[in-house]
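Accompanying notes for the structure given below.
Nothing in this text is a laboratory measurement; each read-out follows from the coordinates by a stated rule. Here the structure is a predicted model, which is why all the values come from computation and not from measurement. Virtual Cβ from ideal backbone geometry, glycine too; neighbours counted across all protein chains shown.
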Amino acid sequence: MCIAWFPIIVVESIMLTSTMYLLGGAYVSLFLLLDTLYISAITAVVSLFCGMCFSASIDSYEICSFVVSEFLNLTNVCAGFYMSLRTIPVYLKFFEIVSWTRSHMELLSIIHIQDLTRYSCSNITGFDLPCLQTGEAVLDQYGYSTKNYTRDFISLYLLMAMFYVLGYGFFFRRILKITTV
């Protein structure tokens, strides 16, 4: 089922990420580029397995599209794009846990920001903004931590395995339902 898409998704994510990484003028270091490509490929595979799981579990295309879009909206809100992770309410913590986008963003932020030590602060906006001097301070501002590096990798692989097993379970349930009718 989705194993056939696995190489395509990995190659596509590597091509897209490397193009954006290099065209975006990111700090070019071979190890940073390889880490970024690896993390992006893992995230793409988790997304593929999530789509497989939901499409196998819900019979109707319209309902599946609705459920998946709402699920992805909640996981993206809990990823740290729109607010600090410390401000997420307790009733949304589940979506923070299953958000592979949060793990992806935290891993990329850690590998690209943690070692930076000098930021220049200029306040031309007139707003009272914090002056964050180190990469650790920037990570902390968004609720990320370098201590979560291993945990984020483990959570990506656990989510991948969970979606994979659930997806095939729902797929076999659907096959049994079709053959018994």
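Membrane-span-like helices of the chain, defined as complete DSSP H segments with a Cα extent of 18 Å or more along the helix axis and a mean Kyte hydropathy of at least 1.6, are identified as 6-23, 30-57.
Ordering of 81-88, 6-13 by packing is 6-13, 81-88, highest average first (other Cβ atoms within 10 Å, averaged per residue).
Each Lys or Arg adds one and each Asp or Glu subtracts one; over the other residues with Cβ under 11 Å from the Cβ of Asn148, this totals +1.
Dividing the summed helix terms, -39500 (n - 2.57) for each DSSP H run of n ≥ 4, by the number of residues in the chain produces a 222 nm estimate of -22500 deg cm²/dmol to the nearest 500. The trypsin sites (Lys or Arg not before Pro) found in region 105-153 that occupy coil by DSSP, while having at most 14 further C-beta atoms within 10 Å, are Arg118.
Where in region 82-96 does the amide nitrogen come within less than 14 Å of the point 7 Å from the Cα of Leu132, taken along Cα to Cβ? Answer for region 82-96: 82-87. Put a plus charge on the Cβ of each Lys and Arg, a minus charge on the Cβ of each Asp and Glu, and nothing anywhere else: the dipole of the chain about its Cα centre is then about 400 debye.
The Kirkwood radius of region 24-89, taken over pairs of alpha-carbon atoms, gives through the Stokes-Einstein law at 25 °C and 0.890 mPa s a diffusion coefficient of 170 µm² s⁻¹.
Expressed as a fraction of 2.2 N^0.38 Å, the C-alpha radius of gyration for region 3-180 is 1.20.
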